[in-house]
Amino acid sequence: MKKNLALVLISCIPLIGFSQQFIGFTSDNYSGIPGILQNPSSVAGSKFKVSLNVFSISALAGTNAYEIKSDNVHHFKFSDMEEGRDYFKSSNTDKKKLWMNTDLIGPSLMITTGKRSGISLHTRMRVLVNEFNLSDKTFRYFNADSGLYNVPIQEQNLQMKAHAFAEAGITYGRIIINSPVHVVKVGITGKYVVGLAAAAGYSKQLNLNITKTDQINQLNGDANIRYSSNLDNVNDNFDDVFKKTTGNKGLGFDIGVSYEWRPKGTEWLALDQTPYRIKLNASVTDIGSVKYTNSKQGNSYAVNGAGYTTDDLQKKDNETIDEYFTRLQNYNIIKTLTHTDDLKVKLPTALRFDVDYHLYKRLFINAGSVVNLIGKDKNPYSASYTTSYTITPRLEKKWFALYAPLYYNTEHKKMAFGAGLRLGQLFIGSGSVLSTMLSNKNISAADFHMGFNISIYQRVRTRKIKVKDEPVEEAKPVQPQPVQKTDTVEKKVEVIKEVTHDRDNDGVTDDKDACPDIPGEVALSGCPDKDKDGIADKDDKCPDVPGTAKYQGCPIPDSDNDGINDEEDRCPNTPGTAKYQGCPVPDTDNDGVDDENDKCPTVPGKPENHGCPEIKQEVVKKVNATAKSIYFLTGKDIIQKISFPKLNGLVAILNADKDLLISIEGHTDNKGSAAVNQKLSEKRAQAVKNYLVKKGIAANRITAQGFGNTKPIATNATPVGRAKNRRVELHLSY
């Protein structure tokens, strides 16, 4: 287990993760599809008539936890690496971070549809991985020879999240202002997103203490795990993940705007192929989310691993993720607190802004930023891009470009210097190659990008040149040439057609047709499939009802007929409800009244009392006697000391049964005004409540009300009657 974290962090430093950034390249006016994906407005007024992106990839990965020896990077030695020889723990004591973004742009097409507009279609796949806030102590425990044994370690706000998704999108851009000096373009991209897989975990607090023998003295706190259900049966092989993405989908949008300033008075600029002096670009990309089905193990857990070993926490070889979590629950290392059926993962929304300055003819300089708009704490299950800033001088021509980005990543907090080249239809570059190759310091982050496209360029504007008229030589008459006739010979070619038999005319020849006399599906070897469930009728036990291969063509059974199939039903043999995953509404106190209708769900009671027990008559009598023994100073809400013994007895009754609730009612006679009597009755009821609270009875168990003289129990015409009406009533309930 100690090596797991080290291997994960180290494996992300070499160039294995692909990023959306294409650092420095997308400022090029000939960047094509990669530039459109950063700002959709660039599809309008493009340098291309048509541009086909064959493939493009970009890579950015890093961590502040480990550093690779520079010599390994210079010579691309990334196999059989050993700590202390090829890579080292970083000396910083900061909380450890990991960032890796993956972007693969597949076949994509951009077309200029008019002088003011353009469209593009793209395909794309991305993977994003983030880790934040791993404490330096925990990090140094992993893969350490001695470790920080018997040292209390506390983790706070630890986050790890990963998201893989693919998309197909369409972009439309248009020039909305096209004056000689000012040009404004707008663009929008809509995309259909298919979620491939998502996983995340965070903990607000975890406490850890491990002995030298890998015994766990302390491991407690919270663990909030969410991952898509198609990861449930993954062990060490992820091949099946991509086959189980049905239902993992969402929509996304990009919006962008571009402004070009084309001042008059500069001759070279007016005649240039790129006639702006300043261009401003702004866009918001990846607005949207993907909805997944959350795994049944994707829960919020209470963690308590004391008494176990680190081996007990480690995932076993060939153990699926579902089996791993089930084992931890069986060990009582984790206990489920809450569960949600859906997992909503936001796309990596980012604000992109850059300024491009045209220095002279083919020379430009660009300053840009990518700002992450996904908050870490508010979105613990959504991976995001890192915020970064770039300054890129470049030499740009139609068939050739050189660029040298100066790059700063806010997670890495170090400057990097790179270089890139576009030669014809091929481009390759890096935002850190120069600082990496020219430095002898260890490397903790690196990137690269490359791609190939096939493009037809727009016609280049040229100057009109006046030419003097020259005398034209008079054309000589052309003598007609004799026509030669050629004999033609008609040749007939006999074509021999191979004949095959297909008795049922379903497009599958009889020698390959498993059902040669019944028309069927080509994909099912010529056999029919009435219910269209992909299982041939001859093999389908329920040929008229769509089903699954697991149940031989029949639907997933529902043994208890409660509308929840057995695979999702935690109580498959007992009818239940969807709210409780197919189980009946629980009855915690086993009194025959389910918890939703039980006013006392943890105390056995009677149905006629809504699940609450019947209050004993002797207790009721004691409480009534107490009520008659509460005396106040005349006209005041001050309880006389003579009342304290009885009230203390009431406190004892309430302490003996913590589920009992009490209602206190204050009443007066009709002497004085109704308003004064109402206020006095309220104060007296509150005085009794305050006494009970002072004696340790929880305030939420007590209600106090005053009724003034509105509820007499005797006549107010006699002193005896008025004395009876001046009273406090006490009522018990559950």
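The values are calculated or read from the model by the stated rules, or taken from the named source; none is laboratory data. Remember, predicted model here, so these are calculated numbers, not experimental data. Every residue, glycine among them, receives a Cβ derived from its backbone with ideal geometry; neighbour counts consider all protein chains shown.
So here's what we get for this one:
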item: From the options 286, 312, 272, 354, residue that is over 16 Å from the mean Cα position of the chain (by Cα), part of a strand (DSSP E or B) and of a type in the set (D, E, K, R); result: 354
item: Candidate set: segment 357-381, residues that are more than 19 Å from the chain's Cα centre (by Cα) and assigned to a loop (DSSP other than H, G, I, E, B); chosen: the one surrounded by the fewest Cβ atoms within 10 Å (Cβ to Cβ); result: 361
item: Sole residue being aromatic (Phe, Trp, Tyr), surrounded by 14 or more Cβ atoms within 10 Å (Cβ to Cβ), in contact (Cβ under 8 Å) with a residue 60 or more places away in the chain and within 22 Å of residue 39 (Cα to Cα), chosen from 301, 308, 259, 292; result: 259
item: Of residues in segment 144-195 being assigned to a strand (DSSP E or B) and among the acidic types (Asp, Glu), the one farthest from the chain's Cα centre (by Cα); result: 155
item: Residue, surrounded by the most Cβ atoms within 10 Å (Cβ to Cβ), within segment 316-356, restricted to residues that are within 19 Å of residue 283 (Cβ to Cβ) and out of contact with any Phe, Trp or Tyr (no Cβ under 7 Å at 6 or more places or on another chain); result: 347
item: Residues located in segment 100-116, provided they are out of contact with any His (no Cβ under 8 Å at 6 or more places or on another chain) and surrounded by 19 or more Cβ atoms within 10 Å (Cβ to Cβ); result: 100, 101, 102, 103, 110, 112
item: Unique residue being of a type outside the set (A, V, I, L, M), modelled with pLDDT under 95 and out of contact with any Gly (no Cβ under 9 Å at 6 or more places or on another chain) when the list is 722, 727; result: 722
item: Condition check for residue 158: buried (at least 17 other Cβ atoms within 10 Å of the Cβ), touching a residue at least 24 places away in the same chain (Cβ under 8 Å) and assigned by TED's automatic domain parsing to the domain that holds residue 343; result: yes
item: Test: residue in segment 602-612 that is surrounded by 14 or more Cβ atoms within 10 Å (Cβ to Cβ), within 30 Å of residue 727 (Cα to Cα) and either out of contact with any Pro (no Cβ under 9 Å at 6 or more places or on another chain) or in contact (Cβ under 8 Å) with a residue 40 or more places away in the chain (or both); result: yes
item: Options 46, 91, 42, 79; residue that is of a type in the set (Gly, Ala, Ser), touching a helix residue (DSSP H, G or I) at 6+ places or on another chain (Cβ under 9 Å) and outside any helix (DSSP H, G or I); result: 46
item: Inter-residue pairs, beta-carbon under 7 Å, first closer than 26 Å to residue 121 by Cβ and in segment 47-65, second of a type in the set (Val, Ile, Thr) and surrounded by fewer than 20 Cβ atoms within 10 Å (Cβ to Cβ), 6+ apart; result: 48/456; 49/456; 50/111; 50/456; 52/454; 54/454
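Yes/no per residue for (1) surrounded by 19 or more Cβ atoms within 10 Å (Cβ to Cβ); (2) of a type in the set (Val, Ile, Thr):
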residue: 168; (1), (2): no, no
residue: 180; (1), (2): no, no
residue: 186; (1), (2): no, yes
residue: 202; (1), (2): yes, no
